1. Please list, in order along region 184-198, the HN-Hα scalar couplings obtained from phi with the Karplus expression 6.51 cos²θ - 1.76 cosθ + 1.60 (θ = phi - 60°), rounded to whole Hz, x for Gly and Pro.
2. When DSSP assigns beta bridges and you keep just the ones with both residues in the chain, what percent turn out antiparallel, to the nearest 5?
3. Calculate one ³J(HN,Hα) per residue across region 157-162 by plugging θ = phi - 60° into the Karplus curve 6.51 cos²θ - 1.76 cosθ + 1.60, and present them in order as whole Hz with x for glycine and proline.
4. Region 77-113: which trypsin sites (Lys or Arg not before Pro) are DSSP loop and have at most 14 other beta-carbon atoms within 10 angstrom?
5. What does the helix-only formula give at 222 nm for the chain: each DSSP H stretch with n ≥ 4 adding -39500 (n - 2.57), the total divided by the residues, and the result rounded to the nearest 500 deg cm²/dmol?
6. Please identify, among Gly120, Gly109, Gly35, the residue showing maximal mean-square fluctuation in a Gaussian network model of the chain using a 10 angstrom Cα cutoff.
7. So what is the relative contact order for the chain, in percent, with contacts set as C-alpha pairs under 8 Å and at least six apart?
8. Ignoring ligands, DNA and RNA, what percent of the accessible area of region 2-58 is carbon or sulfur (1.4 Å)?
Amino acid sequence: MNTIYDLAAVEQFRRQYRVDPHQLKRLRYQYFRGGRSQSQAYRELPESVRWAFRQAISLDRLRLTRRIDSATDGATRLLFRTPGQQTVESVILRAPEGRTSMCVSSQVGCAARCTFCASGYVRPVTDLDAIEIVDQVAQANQLLIAENRRVRNVVFMGMGEPFHNENQVTRAARMLHNDDWFGLSARRTMVSTVGIPEAMLRWSGSFPRSPLAISLHTVDQRLRESLIPIAQRYPLPLLRDAMQRMAVAGSPSLLIEYLLLRGINDSLAQADALVRYLDGLPVHVNLIPYNPIAAAPHLRSTPRPQREAFGARLRERGLTVTIRYSQGRDIAAACGQLAAGAAG
Ligand code: SF4
């Protein structure tokens, strides 16, 4: 079945049934931006063609197969089935002060194979297309109508290294920003990458107002390669050089993601090394607790007092730091836990 995203099919329907283009435009507006349910959006069409439209054009590309709500915080894990019968996961994150964010997947599985991340163990790895990416947001918005919320921030931080699927992620970002589709501010869409320098530079050239997060986790090259195997292709000096060039070009402050692993990268000496590596760069450091996964039983989370000591050391040395609390741990929806339904 064709979808609302298939512009040629929608146009063909419009001509065949002589629908006013403004009515279709209003349907799209109400569905993607107006916070209306599917049935309400369909009402923008004349009653005489509504049934035929619903038979010919679906508003969904993915099929929502499961919704799991956290019992402890504002996270909701969504499992979708793609037309190719693969499972994709996304997470809705509700901040207590009201902001609603969404962590979307750009791939099924991930070839970066980070040892601490469940997505890195999923095989085979498949790219999602742009529609399969943005439809995660559209369907989350449908669920959020009942709560009078909408997705305001989108982070490409679910399954997949976004820059391994750069073209489709770029298309998806353009649709999210486009006023004819989602109309989200570019400042509110963020890509999180393990650090692929040339792609980072291309991205910041295309989306100069969009923030970028870099999963750094250590500034020891050998240790980094053991945590993020593809890091061997992107030595740390090259990564720093890309960050420097982005800063000179006026990119927004970079978010440095640092996962704290007990006894591996959480000493004060490693905090000092991080400070030296980031010296002079406009960055904000996000310290993330490790969320255990079955595939990596040897990894453990740094206890809270040590996490705080690590953060305090960075602050003393002049960095701005957030110690993040991971939402969705009880439903395997926290950072690094998405595994295409394997844990669900
Ligand atoms: S942390 Fe990100 S880049 Fe690494 S395996 Fe997981 S999804 Fe891929």
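1. For region 184-198, the Karplus curve yields 7, 5, 4, 5, 9, 10, 10, 9, 10, 10, 6, x, 10, x, 5 Hz.
2. Bridges in the chain are about 45 percent antiparallel.
3. Result, rounded to whole Hz: 9, x, 6, x, 8, x.
4. Numbers: sites: Arg77, Arg81, Arg94, Arg99, Arg113; in loops: Arg99, Arg113.
Hits after loop and neighbour filter: Arg99.
5. Only helices count here, giving -10500 deg cm²/dmol.
6. Gly35
7. It comes to 16 percent, rounded to a whole number.
8. It is 42 percent, rounded to a whole number.
The values are calculated or read from the model by the stated rules, or taken from the named source; none is laboratory data. In this text, all values refer to a predicted model and were calculated from it rather than measured experimentally. Every residue, glycine as well, gets a Cβ built from its backbone with ideal geometry; the counts of neighbours run over all protein chains shown. These area figures cover heavy atoms from the full protein model, side chains too; ligands, DNA and RNA do not enter into them. Shrake-Rupley method; radii C 1.70, N 1.55, O 1.52, S 1.80 Å.
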